[in-house]
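Heads up, the thing below is written out as structure tokens.
The values are calculated or read from the model by the stated rules, or taken from the named source; none is laboratory data. Being a predicted model, the structure only gives us computed values, none of them experimental. Cβ placement follows ideal geometry from the backbone for every residue including glycine, while neighbour counts extend to all protein chains displayed.
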Amino acid sequence: MSEHSGEVERRQQGPTAEVVRETTGMFGVQGTGDTSGYGGLTRTVTMPAAASRPYGGWFDEVVDVLAEVLGEAGVSFADAVERVVITDPRRTAEGEGPSRDAEMTLYVAREHLMAVCRALRDDQDLRFELSLGVSGVHYPDDVGRELHAVYHLTSVTHGRRLRLEVTCPDDDPHLPSTTTVYPANDWHERETWDFFGIVFEGHPALARIEMPDDWPGHPQRKDYPLGGIPVEYKGATVPPPNVRREYS
Amino acid sequence: MTAPAHDVPHSVHSTGPAAEDYGPGVAGFEASGGDWDEIAREAIGEERIVVNMGPQHPSTHGVLRLMLEIDGETVTEARCGIGYLHTGIEKNMEYRTWTQGTTFCTRMDYLAPLFQEAAYCLGTERLLGITDDVPERAGVIRVLMMELNRVASHLVCLGTGGNEMGATTIMTLGFTAREEILRLFEAVTGLRMNHAYIRPGGVAQDVPEGFTENVRSLLPSLRKYIGMLGDLMLANPIFKSRLQGVGVLNLSGAFALGVTGPVLRSAGHPYDVRKAFPYSGYEDYDFDVPTDTAADCYARVVLRIEECYQSLKIVEQCLARLDDTVGAPVMVADKKIAWPAQLAVGSDGQGNSLDHIRKIMGTSMEALIHHFKLVTEGFGVPAGQAWQTVEHPRGELGVHVVSDGGTRPYRAHFRDPSFNNLQAVSVMCEGGQVADVVVAVASLDPVLGGVDR
């Protein structure tokens, strides 16, 4: 177990925060029309960065056991899990234990997703036996990792929850299907394919589920327009929501 | 029957002989009377009948399409087709503020609107890190509304389930009882459904005066209605023979398929999010989680009736707490997150109170600017993601909210229990009779508004 913990620590040293987007200016105004005075403002929005040891609570134990189980299966933890992120907006002081709202995300490399899922489900100290589905997120500005699939696992035995996040580039949108480990993910993967265009390799019947079979495009992607028509209300014309001014 | 002559010019009648519809090379069969089995055996070697049930069918709880391959009366394969009610609510939420999001997600599962609102708001509060700042009274009101909603939802499930088997009285009784609860909702939120009552940070407004007495006076009649439903159903020999041993889904099957809620508990596992991962202060309430081991449709009916009684038990505890906290706030103290409007009933129905307008217009420029900014933009939420689940009447409802640091959700995904549970239809129906499909689907209690979102 100790050599795996070493690997875990090495893994966390790089700058590994997920870039969500870069913004310039304010109020959604661009170019010469921008008289806000914020024209030179550039901000990089990132998701919470990789956590450092100790994570607190049961998080350390799960990561250690997972590293050990993966090691026995011949998979290096450092290769399989790119980063461990603890999301805990309520924790204010450094060194304080995690709050009740703390959540752990493991960023898993797609080639090792199956090994990680199998270890998480089957090992008696992990036992994440209930999968609550897959949801996709599209980050167009996260170059090379545009499409994310997020897996929500629950351990009823131990009363724990864990999130796996797997990414794939837009020009190679392939992930392994987890239906052999978690049959519950069948429809959820179909939904993620339907809405985001992620192809789950090995899925028994990866067909569209919500949209019609011949629908062009994947509607939940950020580059897919919402659509809508202007609405007249009491003499004024209300523009459709996707062309209204954005503030963030 | 004689074969049509192919050299005859096309008839002026719109309905020509059937054989003309087929080009050369398509096998045709002619039969004049006889047994269909023999004809089919002669023609295609085997008989394979696929029946489409729905999407427009009263017993499919909305627009669920079931594709059944049947052999006589036996279902050999059953598959679901969904998506007929997909309205893009999740996509729409990405173009509205965090506060406006509740107006959208409440419309997903229209029989249990308050659960979507609560899960979404709890997730947002998680992202904001204000879970502990939500006032106690707001949490009590949330629990009260959710539990009343659970009873209302179960009553529809039991009522329509009975109606699908031809027992109209069960349906009218269920809907009559539900009506009492909807009247309470109307008194609190102004609407019978699509409430948008639970908001990030608390609830939109306090319960009206005299509300707790109202609920208290209603509880005995609700109990009576549920008791009557139980009397009508549970000992009825026809009802029992239709439901017992039908739609069986055992424990390992339920876990593998991610099936939660009453269906999982009917297989013997007491998994309930209210106990396993408490939220809104559920750990402070005294209630039981009923389970069964029969894992069939009958057990699920019994469990739903039991759960109604347990919910009413929680409601009573909520009422006592509401009486103890009269006048306490129902929204977080942080005015940046609490909706800045101070609503009052005006001449045109409802609007900002005159005092509030006088204050922001007349005395405080800063307050006016903040009011304007918060109403038009909404509040910002730190970048990150959160996963929040609640115990929905149909199982575990999960919300995955992602923020990019802006004033709108970057992504809001709802893991609806009906969506997931419908995956069990094939396991529960195959090998049974066609009539059992109706019963099995009713025991899952899918609501297609939630399935398709």
(message) If I go through the range A:124-147 residue by residue, how many of them are of a type in the set (Asp, Glu) and touching a Leu at 6+ places or on another chain (Cβ under 8 Å)?
(response) 0
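Okay, residues lined up against (1) touching a residue at least 12 places away in the same chain (Cβ under 8 Å); (2) hydrophobic (A, V, I, L, M, F, W, C); (3) under 30 Å from B:Arg137 (Cβ atoms); (4) not in a loop (DSSP other than H, G, I, E, B):
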site: B:Arg216; (1), (2), (3), (4): yes, no, yes, yes
site: B:Pro220; (1), (2), (3), (4): no, no, yes, yes
site: B:Gly247; (1), (2), (3), (4): yes, no, no, no
site: B:Gly258; (1), (2), (3), (4): yes, no, no, no
site: B:Gly268; (1), (2), (3), (4): yes, no, no, no
site: B:Ser280; (1), (2), (3), (4): yes, no, yes, no
site: B:Asp286; (1), (2), (3), (4): yes, no, yes, no
site: B:Thr293; (1), (2), (3), (4): yes, no, no, no
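Taking B:Arg142 as the residue in question, decide whether it is assigned to a helix (DSSP H, G or I), away from every other protein chain (no Cβ under 14 Å), in contact (Cβ under 8 Å) with a residue 24 or more places away in the chain and surrounded by fewer than 24 Cβ atoms within 10 Å (Cβ to Cβ).
Numbers: assigned to a helix (DSSP H, G or I): yes; away from every other protein chain (no Cβ under 14 Å): yes; in contact (Cβ under 8 Å) with a residue 24 or more places away in the chain: yes; surrounded by fewer than 24 Cβ atoms within 10 Å (Cβ to Cβ): no.
The answer is no for B:Arg142.
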(message) What's the number of the only condition in (1) buried (at least 23 other Cβ atoms within 10 Å of the Cβ); (2) within 9 Å of chain B (Cβ to nearest Cβ) that A:Glu189 fails to meet?
(response) (2)
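Collect the residues in the range A:151-186 that are without any contact (Cβ under 8 Å) to a residue 24 or more places away in the chain and either in contact with a His (Cβ under 9 Å, 6 or more places away or on another chain) or at the interface with chain B (Cβ under 9 Å from one of its Cβ atoms) (or both), keeping them in residue-number order.
A:His152, A:Gly159, A:Pro183, A:Asp186
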(message) Out of everything in the range A:222-248 that is in a loop (DSSP other than H, G, I, E, B) and in contact with a Gly (Cβ under 7 Å, 6 or more places away or on another chain), what residue ends up being surrounded by the most Cβ atoms within 10 Å (Cβ to Cβ)?
(response) A:Ser248
(request) Kindly establish whether B:Met93 is within 12 Å of chain A (Cβ to nearest Cβ), crowded, with 23+ Cβ neighbours inside 10 Å and either more than 19 Å from B:Val401 (Cα to Cα) or in contact with a helix residue (DSSP H, G or I) (Cβ under 8 Å, 6 or more places away or on another chain) (or both). (result) yes
(request) Mind counting the residues in the range A:171-181 that are more than 18 Å from the chain's Cα centre (by Cα) and either buried (at least 21 other Cβ atoms within 10 Å of the Cβ) or of a type in the set (A, V, I, L, M, F, W, C) (or both)? (result) 2
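Would you check which residues across the range B:364-388 are among the hydroxyl-bearing types (Ser, Thr, Tyr) and more than 9 Å from every other protein chain (Cβ to nearest Cβ) and list them? Give the derivation first.
Just the residues of the range B:364-388 that are among the hydroxyl-bearing types (Ser, Thr, Tyr), to begin with: B:364, B:376.
Correct list: B:Ser364 only.
Do you know which residues across the range B:401-425 are facing chain A (nearest Cβ under 7 Å), under 17 Å from A:Asp141 (Cα atoms) and part of a loop (DSSP other than H, G, I, E, B)?
In the first step, residues of the range B:401-425 are kept if they are facing chain A (nearest Cβ under 7 Å); the result is B:402, B:404-408, B:411, B:413, B:415, B:419-420, B:423.
Then drop every residue that is not under 17 Å from A:Asp141 (Cα atoms), which leaves B:402, B:404-406, B:411.
Across the range B:401-425, the qualifying residues are B:Asp404, B:Gly405, B:Gly406.
Every residue, every condition in (1) part of a loop (DSSP other than H, G, I, E, B); (2) surrounded by fewer than 21 Cβ atoms within 10 Å (Cβ to Cβ); (3) among the polar types (S, T, N, Q), yes or no:
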residue: A:Ser52; (1), (2), (3): yes, yes, yes
residue: A:Gly56; (1), (2), (3): yes, yes, no
residue: A:Val69; (1), (2), (3): no, no, no
residue: A:Ser99; (1), (2), (3): yes, yes, yes
residue: A:Thr105; (1), (2), (3): no, no, yes
(message) Any residue in the range B:302-324 that is more than 17 Å from B:Leu222 (Cβ to Cβ) sitting within a Cβ distance under 6 Å of a residue that is part of a helix (DSSP H, G or I)? List the pairs, counting only those 6 or more apart or interchain.
(response) B:Leu303/B:Pro262; B:Leu303/B:Arg265; B:Arg321/B:Val140; B:Leu322/B:Val140; B:Leu322/B:Thr212; B:Asp323/B:Thr212
(request) Scan (1) touching an Asp or Glu at 6+ places or on another chain (Cβ under 8 Å); (2) in a strand (DSSP E or B) for the single condition A:Asp142 breaks and write down its number. (result) (2)
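Given B:Thr60, B:Thr74, B:Thr103, which one is modelled with pLDDT of 85 or more and under 24 Å from B:Val439 (Cβ atoms)? Quick ask: steps written out before the conclusion?
Details: B:Thr60 fails: modelled with pLDDT of 85 or more; B:Thr103 fails: under 24 Å from B:Val439 (Cβ atoms).
Only one candidate qualifies: B:Thr74.
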(message) I'd like the full set of residues that are of a type in the set (Phe, Trp, Tyr) and within 12 Å of A:Ala119 (Cα to Cα), limited to the range A:52-83.
(response) A:Phe77
